[in-house]
1. Here is a check on your reading of the model: is residue 307 buried (at least 19 other Cβ atoms within 10 Å of the Cβ) and over 26 Å from residue 160 (Cβ atoms)?
2. Could you count how many residues in the range 9-18 are out of contact with any strand residue (DSSP E or B) (no Cβ under 8 Å at 6 or more places or on another chain) and either assigned by TED's automatic domain parsing to the domain that holds residue 253 or in a helix (DSSP H, G or I) (or both)?
3. Name the residue, out of 273, 241, 277, that is over 20 Å from the mean Cα position of the chain (by Cα), outside the structural domain of residue 29 (by TED's automatic domain parsing) and at pLDDT below 85.
4. Suppose the filter is over 17 Å from the mean Cα position of the chain (by Cα), within 21 Å of residue 3 (Cα to Cα), surrounded by fewer than 23 Cβ atoms within 10 Å (Cβ to Cβ) and not assigned by TED's automatic domain parsing to the domain that holds residue 194; does residue 127 pass it?
5. Among the listed residues 232, 179, 163, identify the single one that is modelled with pLDDT of 80 or more and in the same structural domain as residue 285 (by TED's automatic domain parsing).
6. Mind checking whether some residue in the range 130-148 is surrounded by 16 or more Cβ atoms within 10 Å (Cβ to Cβ), more than 21 Å from the chain's Cα centre (by Cα) and either more than 18 Å from residue 7 (Cα to Cα) or in contact (Cβ under 8 Å) with a residue 24 or more places away in the chain (or both)?
């Protein structure tokens with residue numbers, strides 16, 4: 001079945017024997033890993049985990065139902081995890097869902113699969129499977145996740161700090177968790193002694209990551225304002241901000257635009273789409289949705305990703321390559337106005 005976040009979490013927590021396969025697909029691999037860890041916690045610290053490679057399932061699809069039906073060597077709980085799954089796991093998943101018995105739950109993490117993939121369609125249509133699309137959280141959802149992660153650490157976080165943290169981390173749960181760990185340590189917070197994490201505490205640990213400055217540069221690039229972009233890039237360079245997070249934030253914004261365009265084209269109301277966007281970004285996003293064409297967005301994403309790979313290579317003019325790519329995106333935007 002096709003599941004939402006509450007349904008998949010509820011099924012994991014209930015450890016229902018009716019669900020044999022949890023297929024966690026989509027670009028938010030960190031979110032999928034979090035759900036896989038949730039299953040691990042539910043199974044207990046003594047549970048035996050069996051890791052299977054997609055290549056193994058391609059050559060031996062019967063291995064998956066066999067492992068799902070096997071008893072633990074130690075007589076306790078047992079579960080199977082497949083990371084990096086793709087269409088090569090279709091036959092194995094089919095055999096698992098058609099088997100007479102299973103017993104041990106299977107979690108597949110498939111960050112490269114879209115809703116149209118055959119494996120996703122299989123899981124969505126099977127009563128003994130749950131397919132959940134993991135997307136990088138944005139807007140209020142990302143801020144709510146930051147606040148929830150803070151509560152787990154004994155931190156009371158206002159929405160302003162939660163939004164800043166979510167924006168600075170690009171919605172990455174792992175990065176949010178690390179920054180919140182630093183905040184909890186700084187404030188001596190814990191579940192048994194909660195503390196309030198305000199703007200002063202957030203800035204004291206240096207968690208800002210130049211988010212406001214990066215956001216202004218990305219807005220200028222998306223809008224096609226090359227002159228303003230040059231000034232923003234200069235300020236980022238003076239502040240010592242690495243080009244890597246800037247390029248990653250740019251790619252994230254471009255991908256979000258592409259996904260929102262697809263949602264609107266598919267019939268989703270524009271107001272509903274905009275509700276996923278941070279308030280401070282809505283004006284820029286609204287303009288971009290009107291001007292950017294899907295083909296140009298795909299080209300811009302490829303250009304920014306190629307620049308990131310080039311910057312990370314040794315012996316390159318990293319900052320120059322990054323600035324060149326970002327300015328190229330701005331020129332692409334200007335040509336579409």
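The values are calculated or read from the model by the stated rules, or taken from the named source; none is laboratory data. Source: prediction; values computed, not measured. No Cβ is skipped: glycine too gets one built from the backbone with ideal geometry, and neighbour counts run over all protein chains shown.
1. Details: buried (at least 19 other Cβ atoms within 10 Å of the Cβ): yes; over 26 Å from residue 160 (Cβ atoms): yes.
Yes.
2. Within the range 9-18, the first condition is being out of contact with any strand residue (DSSP E or B) (no Cβ under 8 Å at 6 or more places or on another chain), and the residues that meet it are 9-10, 13-18.
Restricting the remaining residues to those that are either assigned by TED's automatic domain parsing to the domain that holds residue 253 or in a helix (DSSP H, G or I) (or both) gives 9-10, 13-14.
Going through the range 9-18 one residue at a time, the tally reaches 4.
3. On the way: 273 fails: over 20 Å from the mean Cα position of the chain (by Cα); 277 fails: over 20 Å from the mean Cα position of the chain (by Cα).
Going through 273, 241, 277 in turn, the sole match is 241.
4. Details: over 17 Å from the mean Cα position of the chain (by Cα): yes; within 21 Å of residue 3 (Cα to Cα): yes; surrounded by fewer than 23 Cβ atoms within 10 Å (Cβ to Cβ): yes; not assigned by TED's automatic domain parsing to the domain that holds residue 194: yes.
In short, yes.
5. Values: 179 fails: in the same structural domain as residue 285 (by TED's automatic domain parsing); 163 fails: in the same structural domain as residue 285 (by TED's automatic domain parsing).
It is 232.
6. Checking the range 130-148: not a single residue is surrounded by 16 or more Cβ atoms within 10 Å (Cβ to Cβ), more than 21 Å from the chain's Cα centre (by Cα) and either more than 18 Å from residue 7 (Cα to Cα) or in contact (Cβ under 8 Å) with a residue 24 or more places away in the chain (or both).
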